[in-house]
Amino acid sequence: MTKVHNFSAGPGILPSEVLQKAAEACINFDNLNLSLLEISHRSKNFEAVMDESRVLVKELLGLNDNYKVLFLGGGASLQFAMVPYNLLRTEGTAGYINTGVWASKAIKEAKMIGNTQVVASSEDKKFSYIPKNYEIPTNLDYLHMTSNNTIYGTQFKDFPKTSVPMVCDMSSDIFSRKVNGNDFALIYAGAQKNMGPAGATMVAVDETILGKTGRKMLSMLDYQVHIKGGSMYNTPPVFPIYVSMLTLKWLKENGGIAWMEKRNQEKADALYTEIDRNSMFVGTTAIEDRSNMNVTFIMPKPELEPEFDKLWKTANISGLRGHRDVGGYRASLYNALPLESVKALIEVMQEFEKKFA
Ligand SMILES: *Cc1c(COP(=O)(O)O)cnc(C)c1O
């Protein structure tokens, strides 16, 4: 098989050894002579997978005992609704920082559930930066933010300081760098960017903030029901959870978050340095807010895009086109992407400049 440099924005690249083990488990899981896909989620073999996944999440995020970890269906998009449904009191107000498409979708859902206030926004400049120096009202039930803006390529380098419980959509940068998980009342992330395949969403929640909304709760949308059921109130997405566990184990065994943060910084530094040096490309976001996960850039001469596309496709590079809403290019440097793939891309960019500048 030819090695492909996979810059896909999501579902994204996974470590090849993880895919190998996942493939084996589809045929013969734990030497049961049964597939992982055809055994009960309540079997002790799968219970062990669930337990280990939870432990790894807590360990890698450094979470205290008051946090519960869930793996739910419905994608990160369902969390846009579940968060206000579980945390926004019927008489309360939720605060949101609007930094892009995903944050806007989260705001839309919250507005359906209760009072919602946009505390800060970067919509005025097409979400090309992270808002700074805004006031956070202290009466909010929670403050929601998106740590990494997958589509626009910006990332919070520092999080707000506030007494209001913070909720964070970390779908596209979870486990990519050191964060203090205990600073957040709730963290959620769809698995398919940095953790595993699509189909499972990780939710880590401080249990003490739940059960205060005054609303009658539908069971499937109630975090407390899922906590009580050990993430097995209904049949959980077993395969995505298993592969997420393998990925988290891979991360831990190779050096954990400290190793990953260093590796991700190296990849991002290399690529941004090239974008800034190369006359054929410009970055699209404020320099201090540049994402280490999704690197967005455009060409001052867009008429040459087909030529550049030919070059990178020939170099076995995949998934480089920008999001359909913003155009240009986006290189996603998720955890499993090796530095050598970034080097391959840089080589192509340099070759392109030599030919066409
Ligand atoms: C991809 C993404 C989502 C949407 O995830 P789904 O699992 O498709 O619902 C939400 N937030 C962010 C930051 C994302 O990158």
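The values are calculated or read from the model by the stated rules, or taken from the named source; none is laboratory data. The structure displayed is predicted, hence computed values, not measured ones. Cβ placement follows ideal geometry from the backbone for every residue including glycine, while neighbour counts extend to all protein chains displayed.
Mind telling me which of the residues Lys3, Lys21, Lys44, Lys58 ends up being over 25 Å from the mean Cα position of the chain (by Cα) and of a type in the set (Lys, Arg)?
On the way: Lys3 fails: over 25 Å from the mean Cα position of the chain (by Cα); Lys21 fails: over 25 Å from the mean Cα position of the chain (by Cα); Lys58 fails: over 25 Å from the mean Cα position of the chain (by Cα).
The unique qualifying residue is Lys44.
Just checking, which of Met170, Met220, Met195 is closer than 25 Å to Asp51 by Cβ, of a type outside the set (Phe, Trp, Tyr), more than 10 Å from the ligand (Cβ to nearest atom) and buried (at least 22 other Cβ atoms within 10 Å of the Cβ)? Reasoning before the result, please.
Values: Met170 fails: more than 10 Å from the ligand (Cβ to nearest atom); Met220 fails: buried (at least 22 other Cβ atoms within 10 Å of the Cβ).
Sole residue among the options that is closer than 25 Å to Asp51 by Cβ, of a type outside the set (Phe, Trp, Tyr), more than 10 Å from the ligand (Cβ to nearest atom) and buried (at least 22 other Cβ atoms within 10 Å of the Cβ): Met195.
Quick check: is even one residue across the stretch 204-216 of a type outside the set (S, T, N, Q) and within 16 Å of the ligand (Cβ to nearest atom)? So that I can check it myself, show each step before the final result.
So the first thing to find is which residues in the stretch 204-216 are of a type outside the set (S, T, N, Q), and the list is 204-207, 209-212, 214-216.
Pick out the ones that are also within 16 Å of the ligand (Cβ to nearest atom) and you get 204.
Checking the stretch 204-216: at least one residue is of a type outside the set (S, T, N, Q) and within 16 Å of the ligand (Cβ to nearest atom).
Just the residues that are surrounded by 13 or more Cβ atoms within 10 Å (Cβ to Cβ) and in a helix (DSSP H, G or I), please, taken from the stretch 293-304.
Leu304
Yes or no, residue by residue, for (1) part of a helix (DSSP H, G or I); (2) modelled with pLDDT of 95 or more; (3) not polar (S, T, N, Q):
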| residue | (1), (2), (3) |
| --- | --- |
| Tyr85 | yes, yes, yes |
| Ala94 | no, yes, yes |
| Trp102 | yes, yes, yes |
| Thr116 | no, yes, no |
| Ile130 | no, yes, yes |
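Look at Glu261 and say whether it is modelled with pLDDT of 95 or more and under 23 Å from Glu353 (Cα atoms).
The answer is no for Glu261.
When Ile27 is evaluated against the numbered criteria (1) in contact with a Ser or Thr (Cβ under 8 Å, 6 or more places away or on another chain); (2) of a type in the set (Val, Ile, Thr); (3) surrounded by 20 or more Cβ atoms within 10 Å (Cβ to Cβ), which criterion, by number, is the only one it fails?
Of the numbered conditions (1) in contact with a Ser or Thr (Cβ under 8 Å, 6 or more places away or on another chain); (2) of a type in the set (Val, Ile, Thr); (3) surrounded by 20 or more Cβ atoms within 10 Å (Cβ to Cβ), the odd one out for Ile27 is (3).
Looking at the stretch 220-268, which of its residues are of a type in the set (Val, Ile, Thr) and more than 18 Å from the chain's Cα centre (by Cα)?
First pass over the stretch 220-268, keeping only residues of a type in the set (Val, Ile, Thr): 225, 227, 235, 238, 241, 243, 247, 257.
If the condition is that a residue be of a type in the set (Val, Ile, Thr) and more than 18 Å from the chain's Cα centre (by Cα), then Val225, Ile227, Thr235, Val238 are the ones that fit.
Restricting to the stretch 1-28, name every residue that is away from the ligand (no atom under 16 Å from the Cβ), in contact (Cβ under 8 Å) with a residue 60 or more places away in the chain, out of contact with any strand residue (DSSP E or B) (no Cβ under 6 Å at 6 or more places or on another chain) and in a loop (DSSP other than H, G, I, E, B).
Thr2, Lys3, Pro15
Name the one entry in Ile136, Ile113 that is away from the ligand (no atom under 16 Å from the Cβ) and under 22 Å from Val179 (Cα atoms). Walk me through how you get there before you give the answer.
Working: Ile113 fails: under 22 Å from Val179 (Cα atoms).
The unique qualifying residue is Ile136.
Quick check on Glu52: is it exposed (fewer than 15 other Cβ atoms within 10 Å of the Cβ) and among the acidic types (Asp, Glu)? It would help to see each step written out before you state the result.
Numbers: exposed (fewer than 15 other Cβ atoms within 10 Å of the Cβ): no; among the acidic types (Asp, Glu): yes.
No; evaluated as a whole, the condition is false for this residue.
Which ones in the stretch 305-357 are part of a helix (DSSP H, G or I), free of Cβ contacts under 8 Å to residues at least 60 places away in the same chain and crowded, with 16+ Cβ neighbours inside 10 Å?
Matches in the stretch 305-357: Phe308, Leu311, Trp312, Val348.
In the stretch 231-266, how many are touching a strand residue (DSSP E or B) at 6+ places or on another chain (Cβ under 9 Å), assigned to a helix (DSSP H, G or I) and of a type outside the set (A, V, I, L, M)? Break it down stepwise before answering.
Step one: list which residues in the stretch 231-266 are touching a strand residue (DSSP E or B) at 6+ places or on another chain (Cβ under 9 Å), which gives 231, 236-237, 240-241, 244.
Now drop any that are not assigned to a helix (DSSP H, G or I), which leaves 240-241, 244.
Restricting the remaining residues to those that are of a type outside the set (A, V, I, L, M) gives 240, 244.
Matching residues across the stretch 231-266 total 2.
Which of the residues spanning the stretch 68-106 are under 22 Å from Ser163 (Cβ atoms) and within 14 Å of the ligand (Cβ to nearest atom)?
Within the stretch 68-106, Val83, Tyr96, Ile97, Asn98, Thr99, Ala103, Ala106 qualify.
Looking at Ser35, Ser8 in this structure, which one is closer than 21 Å to Ser147 by Cα, among the polar types (S, T, N, Q) and surrounded by fewer than 21 Cβ atoms within 10 Å (Cβ to Cβ)? Before the answer, list the steps.
Details: Ser35 fails: closer than 21 Å to Ser147 by Cα.
Of the residues listed, the single one that is closer than 21 Å to Ser147 by Cα, among the polar types (S, T, N, Q) and surrounded by fewer than 21 Cβ atoms within 10 Å (Cβ to Cβ) is Ser8.
Would you mind stating whether Gly73 is at positive phi and either out of contact with any Lys or Arg (no Cβ under 8 Å at 6 or more places or on another chain) or touching a residue at least 24 places away in the same chain (Cβ under 8 Å) (or both)?
Working: at positive phi: no; either out of contact with any Lys or Arg (no Cβ under 8 Å at 6 or more places or on another chain) or touching a residue at least 24 places away in the same chain (Cβ under 8 Å) (or both): yes.
Here the answer is no, as Gly73 does not meet what is asked.
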